[in-house]
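Enquirer: Take a look at the following structure, please.
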Amino acid sequence: MIQVIDVTKRYGQHVAVDHVNFTVEQGEILGFLGPNGAGKTTTMNIITGYISATEGSVKVDGYDILEEPEEVKKRIGYMPEFPPLYMDMTVQEYLDFVSDIKKLDRATKKRSMEKIMDLVKIGHVRKRLIKNLSKGYKQRVGLAQALIGAPPVLILDEPTVGLDPKQIIEIRSLIKELGKEHTIILSSHILPEVSAVCGRVIIINKGKIVASDTPENLSKRLSGTGRLSLRVAGPEKQVLKLVRELEGVKNAEVQGVKEPGTVDILVEAEKDIDIRRPLFYALSRAEYPILYLRSVDLTLEEIFLQVTTEEREVS
Amino acid sequence: MLAVFKRELKAYFASPTGYIFMGFFLLICGIFFAFSNLLTASPEYISVLSSITFVFLIVVPVLTMRLMSEESRQKTDQLLLTSPLSVTSIVLGKYFAAVAVFLITVLITCLYPVILSFFGTIAVWEIVGGYIGFFLLGAAFISIGLFISSLTDNQVIAAVVTFGALLFIWVLDWIIQGIPTDKISGIVFACALAVGAAALVYFTTRNIFVSATIAIIGLGIIAGIYFTNQYFFDGFIVRTLEWFSLLKRYENFMMGILSLSPIVYYITFSAVFLFLTVRVIEKRRWS
């Protein structure tokens, strides 16, 4: 459906996107993961034809973005990071305008408008000026705008940024729903978000693709670190000593005391060793009960560090 | 194009811009009408049209400053440029919206000659011709404003630069009078133009070979003209600057002469600036 072939974008000396290659199959939800400034938005802007690549080409449904831009643009619904809204229009006026520039005929427009408003739940604010809407509603209007004309491809740039947790869950389930009928590329800098929604994840850093896999495989590769955070009722020194002496523990350090009489410890295990059971038995034998034990998710920075070093080892 | 046109037209009257433009324009027009026709009981209406042209300097920037700059500031250009619309139709839609607001205002001022016709005889065709010139002049100014608005994402800068550009055109005829008309200055000016064009090409393409070729060809043409017809360079600067003299052509209309050439001139002038606007927007997407 979407082919990105050797795309490079340079701004003077700065290389924003560096020889990026990937394809997206029909009906796939692809997650684009990367820190700020990694080139996610630039790549998306190139696919949608907002800016052009310095080198390389993009094909959507077989049409080249440079040769037949209109055909490509007809097939893409784009929701940029900042929804492109006209503050002086009402929601209804704005969506009418978008249907007009997407060249929908009157009948299709009427039919799809109600459906889209129901889908993103903005029907009750249709008469309000966009500038008076909250951030969450603006985001939804931005999404509605992308859905107009039922484009087969949806490109969503950080669709959940600035939303409250409830809205984030709503938008995520909406995207999953949309994935049944559309091919979707969505970008994010939050790993759990991408793994919750996407069938495949591409990690991009400094303009280069550093990993491309399913979220399951990716988290398998990343779970190797096995870091645990636990709270133990007992004296600090003895507990720490006990934990450190345990087989398979690479490192353990005290994080502080949050509850009197207990201690919070961060434990790092050797690669591929599950230390949870030995840890439990060792502490219970010494009668230092574990109050909680949970594995620590990797931060995005650590993921990149790990993925990039891993790639180097492989190559 | 129609969708963009409709949106822009609505936007003018959803914000104070449209009202400020119309109000100020009609106020100045009314004052001049009152002083030169009503109070003096004169049916000479065309003089009003020729004396209120200065109002363009102030109101055209108000009308055009928002057009492109606000789109890039609010990032709504992403919507337009990723939609199946061509850049040309976006630019044309915006231009025609501004021209439409201007046209509506001009049509309101048509009431004044109608009022005059109740009390005396007016030169109907002279006034119609005058209005055509007035409208075309305004439309040409609007195209300059639109072009400048596409260069920046700051409305205030767009307004100030537009004002400066229009002011330059305003004093152009006066500048032309003081410019040397001898052969040497003409040749120097022509060479400067050729080198300037080459420099412009160099800064946009960074290709030394192409720009050097352009400079050499330009200088070659100048030398060729010099050896075949050296009188060509007499008054060359003046003739070049006169191409940009929008007001000189306007005088014809005010004298009651309606000929094709100034009409074609004004339309071409607007078309060139609209073309440049399209190029600027396309260029920004490439760099």
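Enquirer: Using the alpha-carbon centroid of each, what span in Å lies between region B:90-147 and region A:186-220?
Expert: About 59 Å separates the Cα centre of region B:90-147 from the one of region A:186-220.
Enquirer: Another question about this same structure. Computing the accessible area with a 1.4 Å probe over protein heavy atoms, can you report the carbon and sulfur percentage for region A:2-220? Write down the numbers at each step before the final one.
Expert: Details: 4850 of 9410 Å².
Answer for region A:2-220: carbon and sulfur cover 52 percent of the accessible area.
Enquirer: Work out, in µm²/s and without decimals, the Stokes-Einstein translational diffusion coefficient of region A:2-220 at 25 °C, 0.890 mPa s, Rh from Kirkwood over C-alpha pairs.
Expert: Numbers: Rh = 17.7 Å.
It comes out at roughly 138 µm²/s.
Enquirer: A follow-up question, please. Whole-Hz ³J(HN,Hα) for each residue in region A:56-73, computed from phi via Karplus 6.51 cos²θ - 1.76 cosθ + 1.60 with θ = phi - 60°, x for glycine and proline: what do you get?
Expert: Once θ is set to phi - 60°, the couplings for region A:56-73 become x, 9, 10, 10, 10, 6, x, 9, 7, 5, 7, 7, 10, x, 5, 4, 5, 5 Hz.
Enquirer: What does DSSP give for region A:2-220 in terms of the percent of beta bridges that are antiparallel, rounded to the nearest 5? The partial results should precede the final answer.
Expert: Working: 20 of 38 bridges.
For region A:2-220, the DSSP antiparallel bridge percentage is about 55.
Enquirer: Mind listing the Cα extents of the protein assembly as shown along all three principal axes, in Å, largest one first?
Expert: Between the extreme Cα coordinates on each principal axis of the protein assembly as shown lie 114, 63, 48 Å.
Enquirer: Using alpha carbons only, how many degrees (0 to 90, rounded to 10) separate the axis of helix A:276-285 from the longest principal axis of chain A?
Expert: That helix lies at roughly 30 degrees to the long axis.
Enquirer: Classify region A:224-296 as rounded, prolate or oblate from the Cα gyration tensor: take a ≥ b ≥ c as the square roots of its eigenvalues, call it rounded if a/c is under 1.5, otherwise prolate when a/b beats b/c and oblate if not.
Expert: Numbers: a/c = 1.77, a/b = 1.44, b/c = 1.23.
Prolate, since a/c reaches 1.5 and a/b exceeds b/c.
Enquirer: Total accessible area buried between chains B and A, 1.4 Å probe, in Å² to the nearest 100?
Expert: Values: alone 15210 and 16730 Å², together 29510 Å².
Answer for the B-A pair: about 2400 Å² buried.
Enquirer: Any chance you could list P(r) for chain B, counting all Cα-Cα pairs in 10 angstrom bins from zero, rounded to whole %?
Expert: Over chain B, the share of Cα pairs per 10 Å bin runs 6, 23, 29, 24, 13, 5, 0 percent.
Enquirer: Give me the distance between the Cα centres of region B:166-233 and region B:43-82, rounded to whole Å.
Expert: Region B:166-233 and region B:43-82 have Cα centres spaced 31 Å from each other.
Enquirer: Relative to the first principal axis of the alpha-carbon coordinates of chain B, what is the inclination of helix B:2-14, with its axis defined by its Cα atoms, in degrees from 0 to 90 and to the nearest 10?
Expert: Tilt relative to chain B: about 60 degrees.
Enquirer: Under 5 Å between amide hydrogens, which residues at least 5 positions from A:Arg200 or on another chain qualify, with H placed 1.01 Å from N in the peptide plane?
Expert: A:Ile29, A:Gly31
Enquirer: Quick one: what do you get for region B:145-282 if you divide its Cα Rg by 2.2 N^0.38 Å?
Expert: Working: Rg = 17.8 Å, N = 138, 2.2 N^0.38 = 14.3 Å.
Region B:145-282 yields a ratio of 1.24.
Enquirer: Now for a separate question. Report, in deg cm²/dmol and to the nearest 500, the calculated mean residue ellipticity at 222 nm for chain A, where each DSSP H run with n ≥ 4 adds -39500 (n - 2.57) and the sum is divided by the residue count.
Expert: Working: 11 runs with 117 residues, N = 315.
Roughly -11000 deg cm²/dmol at 222 nm, from the helical runs in chain A.
Enquirer: Can you give the helix-only mean residue ellipticity at 222 nm for chain B, where every DSSP H stretch with n ≥ 4 adds -39500 (n - 2.57) and the sum goes over all residues, rounded to the nearest 500 deg cm²/dmol? Write down the numbers at each step before the final one.
Expert: Numbers: 15 runs with 230 residues, N = 287.
Helix-only estimate at 222 nm: -26500 deg cm²/dmol.
Enquirer: Springs between alpha-carbon atoms under 10 Å, Gaussian network over chain B: tell me which of B:Gly164, B:Gly120, B:Gly235 tops the mean-square fluctuations.
Expert: Of the options given, B:Gly120 has the highest mean-square fluctuation.
Enquirer: In the protein assembly as shown, what percentage of the DSSP-assigned beta bridges are antiparallel, given to the nearest 5? The partial results should precede the final answer.
Expert: Numbers: 38 of 56 bridges.
So the antiparallel bridges in the protein assembly as shown amount to around 70 percent.
Enquirer: Another question, then. Taking chain A as the reference, fit the longest principal axis to its C-alpha atoms, fit the long axis of helix A:106-120 to the helix C-alpha atoms, and give the angle between the two in degrees, 0 to 90, nearest 10.
Expert: Here the helix axis deviates by roughly 20 degrees.
Enquirer: For region B:167-245, which whole-number percentage of the solvent-accessible area (1.4 Å probe, protein heavy atoms only) is attributable to carbon and sulfur atoms? All intermediate terms of the calculation are to be shown ahead of the outcome.
Expert: Working: 3920 of 5110 Å².
Roughly 77 percent of what the probe reaches on region B:167-245 is carbon or sulfur.
Enquirer: Moving on. Mind checking which aspartates and glutamates have their Cα closer than 20 Å to the Cα of B:Lys6? Skip sequence neighbours fewer than 8 apart in that chain.
Expert: Answer for B:Lys6, where 20 Å is the Cα cut-off: A:Asp88, A:Glu93, A:Asp96, A:Asp100, A:Asp105, B:Glu70, B:Glu71, B:Asp77, listed by chain and number.
Enquirer: Only Cα pairs within less than 10 Å get springs; with that Gaussian network setup on chain A, which residue of A:Ser284, A:Ser173, A:Ser212 has the largest fluctuation?
Expert: A:Ser284
Enquirer: A follow-up question, please. Long-range amide H contacts for A:Lys208: which residues qualify at under 5 Å (H placed 1.01 Å from N, peptide plane, sequence gap of 5 or more or a different chain)?
Expert: Amide H to amide H, under 5 Å and 5 or more residues apart or across chains, A:Lys208 pairs with A:Asp18.
Enquirer: A follow-up question, please. What does the extension gain come out to for B:Ser86 and B:Ser15, with contour length at 0.36 nm per residue minus their alpha carbon separation? Walk me through the numbers before you get to the answer.
Expert: Numbers: separation 71, 0.36 × 71 = 25.56 nm, distance 2.65 nm.
Value of the extension gain: 22.9 nm.
Enquirer: In a Gaussian network model over chain B where Cα atoms closer than 10 Å are linked, find which of B:Leu79, B:Leu274, B:Leu246 has the largest mean-square fluctuation.
Expert: Looking only at B:Leu79, B:Leu274, B:Leu246, the biggest GNM fluctuation is shown by B:Leu79.
Enquirer: Using θ = phi - 60° and the Karplus curve 6.51 cos²θ - 1.76 cosθ + 1.60, what whole-Hz ³J(HN,Hα) does each residue of region B:31-45 get, with Gly and Pro shown as x?
Expert: My calculation for region B:31-45 gives 4, 5, 4, 4, 6, 8, 10, 5, 6, 9, 6, 10, x, 7, 6 Hz in order.
The values are calculated or read from the model by the stated rules, or taken from the named source; none is laboratory data. Fair warning: this is a prediction, and the values are worked out from it, not measured in the lab. All accessible areas refer to the heavy atoms of the entire protein, side chains included, with ligands and DNA or RNA removed. Shrake-Rupley method; radii C 1.70, N 1.55, O 1.52, S 1.80 Å.
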